[in-house]
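Taking it in order: structure first as structure tokens, then the write-up.
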Number of protein chains: 2
Amino acid sequence: MLQKMSDTIKFLCADMVQTANSGHPGAPMGLSDVLTVLSSHLKHNPKNPNFLNRDRLVFSGGHASSLLYSMLHLWGYDISLDDLKNFRQLHSITPGHPEYKETPGVEITTGPLGQGVANAVGFSMASKYAKTLLNKDSEIIDHNVYCLCGDGDLQEGISYEAIALAGHHKLDNLVLIYDSNNITIEGDTSIAWSEDVKQRFNAASWNVLEINGHNFEEIDQALASAKSSPKPVLLIAHTLIAKGSASMEGSHKTHGAPLGNDELSKSKKLAGFNPDASFAIDDDVLIRFRSAIEKGDMYEKLWNNTIKESKPETKELLSRLQSPDFSNIKFPEFKTNEKLATRASNGQVLNAISDSLEGFLGGSADLAPSNNTELKGKADFPVGPNMHFGIREHAMAAICNAMSIYGLFIPYSGTFFIFSDYMKNSVRLSALMGLRSFYIWTHDSIGVGEDGPTHQPIEQLSTFRAMPNFYTFRPADANENVECWKIALSKDSTPCGFALSRQGLPTIDSKKTKEASKGGYLLENDTDATITLIATGSEVELALNSAKELRKEGKKVNVVSVPCFELFCEQSKEYQQSIINPNTKRVAIEAASGLEWYRFADEVIGMTTFGASAPGNDLFNHFGFTVENVIKTVNEL
Amino acid sequence: MLQKMSDTIKFLCADMVQTANSGHPGAPMGLSDVLTVLSSHLKHNPKNPNFLNRDRLVFSGGHASSLLYSMLHLWGYDISLDDLKNFRQLHSITPGHPEYKETPGVEITTGPLGQGVANAVGFSMASKYAKTLLNKDSEIIDHNVYCLCGDGDLQEGISYEAIALAGHHKLDNLVLIYDSNNITIEGDTSIAWSEDVKQRFNAASWNVLEINGHNFEEIDQALASAKSSPKPVLLIAHTLIAKGSASMEGSHKTHGAPLGNDELSKSKKLAGFNPDASFAIDDDVLIRFRSAIEKGDMYEKLWNNTIKESKPETKELLSRLQSPDFSNIKFPEFKTNEKLATRASNGQVLNAISDSLEGFLGGSADLAPSNNTELKGKADFPVGPNMHFGIREHAMAAICNAMSIYGLFIPYSGTFFIFSDYMKNSVRLSALMGLRSFYIWTHDSIGVGEDGPTHQPIEQLSTFRAMPNFYTFRPADANENVECWKIALSKDSTPCGFALSRQGLPTIDSKKTKEASKGGYLLENDTDATITLIATGSEVELALNSAKELRKEGKKVNVVSVPCFELFCEQSKEYQQSIINPNTKRVAIEAASGLEWYRFADEVIGMTTFGASAPGNDLFNHFGFTVENVIKTVNEL
């Protein structure tokens, strides 16, 4: 029966790929035996994909999406046979790679290799902290995290980073199932890989089990043993890619292309299936997989009882974690006689948020003292919310993605803005998924100073502004910083990045900065102005000083601060033109590439080269961020 | 004497940081003992930093730059005591992190952690291939590659990727010296790391030696043994951060801040140095370090003899590798009746280049069949120029950076354009260093189709256009593709990326595409045009089709193709306006975020959201890349 169940999965997947004439049949066929057995271990509720205490199942090899969709259908999630037939078509709920929020039961978006492994570590860490908070009098949280991955996932650096952190934290609820089929796109893995994977994971304090991934008994025993391990477990499942295909088992040609109708028919025939039937699921198979519904219902009922019987304060905490209330946050207010780096004001904001939200947690990739990301007086993970991610930016962001999805937490992660480069794809995935996740990026320009051009962002603002569904805030001072956070917290499906200064910036009157809610506002407004100076972050001070000098020449000048370019772009043309009058001479000033400012400005004073190593003020002078140069630029227009 | 030499280094470094009032004294002081001994093992020529057969020395922890500069000065490179005193100042040759081309003897720019480890693997691989090509009748290439790294470097995913590849290729000339001081910025490494590093490197097929990094004898023996290892060697040197400071040994406070004058004086006194003297180098110390000059001169003379005695064909090959001649490349020409994906035409160009340049080498991060990066009929590295990087985009780019610097090779690296995200910081470093390195980025837009939004670039074109000293080519067809390569090869200090289509594109007459050399040109030119359509890559076809329809409405239309935005921006305003007439209605069409096009266009038809999973043509229709939408947009202006 298990074999028939597994074969049903195989051909569902191969049929999906064949019908779409696009996709990846090899991995799903190689993994169907493992999934058949995993079915009986998995604790989940197909009728409530959001059941908090469910096991999380992550497909790090997102190209095996047909396998995930097939399983979800077989288990009884709200995904029909027609949905499977619509694989990879416009508006279908079965896209080429699994997408969070698009398909019931898909835990997280995967596809870019390695991400899912780090996400699984994130789910597991979230679960560990949930236990700290909630398992006071009973086991409210006691689920596992399963992750399927392939050679590609393990070769990627991001997975190494996450694996090291998982071992460090002894994540005992994590089972990583490694589909070891020795095949990559360019051929056998041995062309580029000769690592002892078992030894590598042992070095990272994991337990490692090794099995024949096509032996049901071995799979079952390994999963049972994995669940009771006091450490994270790597389950190496030796498999054949495209197992069950008539003549293509083990071939890298099955990785990313349909088997072909002929091969598919032959394979079905060999397995005793009707070679002419597609998307066939016999009742005896379906009934076995669908038992997940009844079991899931039972899991959730038991869990609801556990909740009912727990202490009132635990129930209240759970409710607060699930529905965070931002209205109680006591944001700091800053006086205009203070000069403060926005990295410093931001540290105060983080602490203020943490003081009213138990689910707010985060940290840095080993730069907490520089990023001001520490939550003062609070303990380190897993006892408290302060995370030490180590020097692992990419995994940090992917871990936070999963934490944000988990259902209880709001994560933030910090590093120097330049190292957003290292975490780029994970940040992108947070935007694609529409997550609430915050990026604290300090040392935001040549203001970094002596550390030099390797540490000075130039193109990063343009990068994140160009990325859909993301807000990049660059506040001009501490009070704008607060306003940016208010906007950021009001967005429940758009991640936000904060580009913050290393150096002190003068504080603007908080009555003015309250206007920042539309992304850009008039900081100074002359009647009949003929000049508009537009700036962000540390260059707002320069714009204000330049305006002062221009007024001495008898000119009328508006000064516009734009702490969020994306938000300003979303406003009506009328609003935009009321702030940046198109009939004035418009100069944008930003210590970055600034290409996107030509949308609103006649001229841009930006960075056309990389920075240099020198004290920050010397660099601003050297690269033309001076009152003289602003005046010259205005006068040349 | 060794102790005095080492102490001299320590205080030079600490004095530099103190004078600059900025920098990192901890690591240099912890490593001075290792460097003192390494001095006698290193084969180099201070009077000719470009001596081909020199050992390469990479400081992956670039923040230890004061140590590197001190050594270079002591060894006799062209870097004076005044240069050391000018540490981290504007226009000095001693910037905060080591920068290639800025300082004689600095092999490569480092600072972003992990890069240097991958760079060292790149130097080592370059050396290995150089041996294949040149060591036919004698040992023309027989040097080592040394790399110093810290905990941070090893925690980064990029270093894991590179280490795995180094083990795979048994790079026997590579010695990675790991400064194991157990200190990171947030505190003891144990807050985020509990890995068995030795076991991890053994798993990757490295030899591992472990020593007390303050015991001269142990260091010396380990280095001697490392040089004869048949595998890459990790030398774990247990050290104390800020070793030799009076009261701050082992403190993470010494990582990124000066010791303070008081502490520095006390430390000097303790070591028997004059506490009031700064930048002091006694003659007996200097004379020992400066022996590097005489030895270096001898190394190079011997090597010159080896060259002299080698076969003429070897000498000729060496000369061709050192001064590649692009004039012999037989570029393909494509007929207008062909419809070809630019990834396919690009594959032909790569092969054409390879046929005349022995030093042209590269490959993909396991996507060669999709990226068309294979050099047909040629062998795999290290026998031939085809590289299999494995699924390791970040390390791939960093390895190519070093290969480009090595002195004999021109590297290219391929992946899907979306995965440029994974390699971003290494690409940036190639631009900062001004290297000749080529990035083959196929599957450049929603044209990717069914793989969906995780695989469809949106913001990547904006990212690389915003990055200084980089050309992002997006050719509209096979013939533009050839022209782009001609431009790219003509740049000897600007790396180039090629964003190439997965899908077929109609071929443009090569007489027209020859005008591409200024980045943008008039593809179609109506007299008295009132409309200009601007497009790149696959959208040029749409622009041409739209123009055709607009003409049916009696309108006069210019069509501009811009295969290289950056190059077009470099042209004179007159040229730009002769191509994009500002008095016409200007619409830019690009299946990407397109924010930067407002510089030249009134309106942009671009992507304001992520893509979706569906056949490519369905997506172009869905997202408004249709003749109807172009006409509508033009008419609304």
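Of the candidates B:L84, B:L52, B:L72, B:L67, the single residue that is in contact (Cβ under 8 Å) with a residue 60 or more places away in the chain and assigned to a helix (DSSP H, G or I) is B:L84. Does the range A:76-96 contain at least one residue that is within 14 Å of chain B (Cβ to nearest Cβ), touching a strand residue (DSSP E or B) at 6+ places or on another chain (Cβ under 8 Å) and crowded, with 20+ Cβ neighbours inside 10 Å? No; the residues of the range A:76-96 include none that is within 14 Å of chain B (Cβ to nearest Cβ), touching a strand residue (DSSP E or B) at 6+ places or on another chain (Cβ under 8 Å) and crowded, with 20+ Cβ neighbours inside 10 Å.
May I ask you to list the residues in the range A:257-306 that are acidic (D, E) and more than 19 Å from A:Q3 (Cβ to Cβ)? Break it down into steps so the answer makes sense when it comes.
Taking the range A:257-306 and keeping what is acidic (D, E), we get A:262-263, A:276, A:282-284, A:294, A:297, A:300.
Matches in the range A:257-306: A:D262, A:E263, A:D276, A:E294, A:D297, A:E300.
Being under 19 Å from A:H255 (Cα atoms), touching a strand residue (DSSP E or B) at 6+ places or on another chain (Cβ under 7 Å), in contact (Cβ under 8 Å) with a residue 60 or more places away in the chain and small (G, A, S) is the requirement here; does A:G61 meet it? Here the answer is yes, as A:G61 does meet what is asked. Counting the residues of the range A:608-618 that are crowded, with 24+ Cβ neighbours inside 10 Å and more than 7 Å from chain B (Cβ to nearest Cβ) gives 1.
Selection of the range A:524-551 for residues being crowded, with 22+ Cβ neighbours inside 10 Å and either modelled with pLDDT under 95 or among the charged types (D, E, K, R) (or both) yields only A:E539.
In the condition set (1) more than 14 Å from chain B (Cβ to nearest Cβ); (2) in contact (Cβ under 8 Å) with a residue 60 or more places away in the chain; (3) over 25 Å from A:L340 (Cα atoms), A:D492 is compliant with all but (2).
Checking the structure you have, find out if any residue of the range A:342-364 is within 12 Å of chain B (Cβ to nearest Cβ) and either within 16 Å of the chain's Cα centre (by Cα) or surrounded by 23 or more Cβ atoms within 10 Å (Cβ to Cβ) (or both). It would help to see each step written out before you state the result.
First, the residues of the range A:342-364 that are within 12 Å of chain B (Cβ to nearest Cβ): A:363-364.
Now drop any that are not either within 16 Å of the chain's Cα centre (by Cα) or surrounded by 23 or more Cβ atoms within 10 Å (Cβ to Cβ) (or both), which leaves A:363-364.
Within the range A:342-364, one or more residues are within 12 Å of chain B (Cβ to nearest Cβ) and either within 16 Å of the chain's Cα centre (by Cα) or surrounded by 23 or more Cβ atoms within 10 Å (Cβ to Cβ) (or both).
So, in the range A:99-119, exactly how many residues are over 21 Å from A:H41 (Cα atoms) and over 14 Å from the mean Cα position of the chain (by Cα)? Result for the range A:99-119: 2.
For the range B:134-165, name all the residues that are in a loop (DSSP other than H, G, I, E, B) and facing chain A (nearest Cβ under 7 Å). Walk me through it before giving the result.
Start the filter on the range B:134-165 by keeping residues that are in a loop (DSSP other than H, G, I, E, B), which leaves B:135-144, B:156.
If the condition is that a residue be in a loop (DSSP other than H, G, I, E, B) and facing chain A (nearest Cβ under 7 Å), then B:E156 is the only one that fits.
Scanning for something of a type in the set (K, R), under 30 Å from A:D15 (Cβ atoms) and assigned to a helix (DSSP H, G or I), does the range A:304-314 turn up at least one residue? No.
Would you confirm whether any residue within the range B:113-130 is more than 9 Å from every other protein chain (Cβ to nearest Cβ) and surrounded by fewer than 21 Cβ atoms within 10 Å (Cβ to Cβ)?
yes
Among the residues making up the range B:320-362, those that are touching a Phe, Trp or Tyr at 6+ places or on another chain (Cβ under 8 Å), of a type in the set (A, V, I, L, M, F, W, C) and in the same structural domain as B:I487 (by TED's automatic domain parsing) are B:F331, B:L340, B:V349, B:L350, B:A352, B:I353, B:L357, B:F360, B:L361. Of the residues making up the range B:428-468, those that are more than 30 Å from A:S92 (Cα to Cα) and within 11 Å of another protein chain (Cβ to nearest Cβ) are B:R428, B:L429, B:A431, B:L432, B:M433, B:G434, B:T463, B:F464, B:R465, B:A466, B:M467, B:P468. Given the structure, is A:T415 touching a helix residue (DSSP H, G or I) at 6+ places or on another chain (Cβ under 6 Å) and among the hydroxyl-bearing types (S, T, Y)? For A:T415, the condition - touching a helix residue (DSSP H, G or I) at 6+ places or on another chain (Cβ under 6 Å) and among the hydroxyl-bearing types (S, T, Y) - is met.
Take B:D325 and tell me if it is surrounded by fewer than 18 Cβ atoms within 10 Å (Cβ to Cβ), modelled with pLDDT of 95 or more and under 21 Å from B:Q3 (Cβ atoms).
Details: surrounded by fewer than 18 Cβ atoms within 10 Å (Cβ to Cβ): yes; modelled with pLDDT of 95 or more: yes; under 21 Å from B:Q3 (Cβ atoms): no.
Taking the combined requirement at face value, the residue does not satisfy it.
Any residue at all in the range B:147-159 that is within 27 Å of B:A379 (Cα to Cα), touching a residue at least 24 places away in the same chain (Cβ under 8 Å), out of contact with any Lys or Arg (no Cβ under 7 Å at 6 or more places or on another chain) and surrounded by 24 or more Cβ atoms within 10 Å (Cβ to Cβ)? Reasoning before the result, please.
First pass over the range B:147-159, keeping only residues within 27 Å of B:A379 (Cα to Cα): B:158-159.
Narrowing the set further to residues that are touching a residue at least 24 places away in the same chain (Cβ under 8 Å) leaves B:158-159.
Pick out the ones that are also out of contact with any Lys or Arg (no Cβ under 7 Å at 6 or more places or on another chain) and you get B:158-159.
Remaining after also requiring surrounded by 24 or more Cβ atoms within 10 Å (Cβ to Cβ): B:158-159.
So far as the range B:147-159 goes, yes, one or more of its residues are within 27 Å of B:A379 (Cα to Cα), touching a residue at least 24 places away in the same chain (Cβ under 8 Å), out of contact with any Lys or Arg (no Cβ under 7 Å at 6 or more places or on another chain) and surrounded by 24 or more Cβ atoms within 10 Å (Cβ to Cβ).
The residue pairs whose first member lies in the range B:1-19 and is assigned by TED's automatic domain parsing to the domain that holds B:G260, whose second member is surrounded by fewer than 23 Cβ atoms within 10 Å (Cβ to Cβ) and not in a helix (DSSP H, G or I), and whose beta carbons are closer than 6 Å, counting only pairs six or more residues apart or on different chains, are B:D7/B:A271; B:T8/B:I281; B:D15/B:S278; B:D15/B:F279; B:V17/B:P258; B:Q18/B:P258. The helices (runs of 4 or more DSSP H) found entirely in the range A:438-523 that carry 2 or more residues being surrounded by fewer than 22 Cβ atoms within 10 Å (Cβ to Cβ) are A:478-490, A:510-513. Scanning for something among the hydrophobic types (A, V, I, L, M, F, W, C) and under 15 Å from B:Y412 (Cα atoms), does the range B:447-465 turn up at least one residue? Within the range B:447-465 (the criterion being among the hydrophobic types (A, V, I, L, M, F, W, C) and under 15 Å from B:Y412 (Cα atoms)), the answer is no, since none of the residues qualifies. Here A:L429 does not qualify as in contact with a helix residue (DSSP H, G or I) (Cβ under 7 Å, 6 or more places away or on another chain) and surrounded by fewer than 24 Cβ atoms within 10 Å (Cβ to Cβ). For the range B:139-197, a residue qualifies if it is touching a Pro at 6+ places or on another chain (Cβ under 9 Å) and of a type in the set (G, A, S), and the qualifying residues are B:A166, B:G167. Counting only helices (runs of 4 or more DSSP H) that fall entirely inside the range A:180-270 and contain at least 3 residues that are within 14 Å of chain B (Cβ to nearest Cβ), the qualifying elements are A:197-203. Would you call A:T8 surrounded by fewer than 21 Cβ atoms within 10 Å (Cβ to Cβ), out of contact with any Leu (no Cβ under 6 Å at 6 or more places or on another chain) and in a helix (DSSP H, G or I)? Spelling it out, it is not the case that A:T8 is surrounded by fewer than 21 Cβ atoms within 10 Å (Cβ to Cβ), out of contact with any Leu (no Cβ under 6 Å at 6 or more places or on another chain) and in a helix (DSSP H, G or I).
Within the range B:162-191, the only residue that satisfies the criterion of being touching a Leu at 6+ places or on another chain (Cβ under 7 Å), without any contact (Cβ under 8 Å) to a residue 60 or more places away in the chain and within 27 Å of A:G152 (Cβ to Cβ) is B:L176.
The values are calculated or read from the model by the stated rules, or taken from the named source; none is laboratory data. In this text, all values refer to a predicted model and were calculated from it rather than measured experimentally. Positions of Cβ are generated from backbone atoms using ideal geometry, with glycine treated the same way; all protein chains shown enter the neighbour counts.
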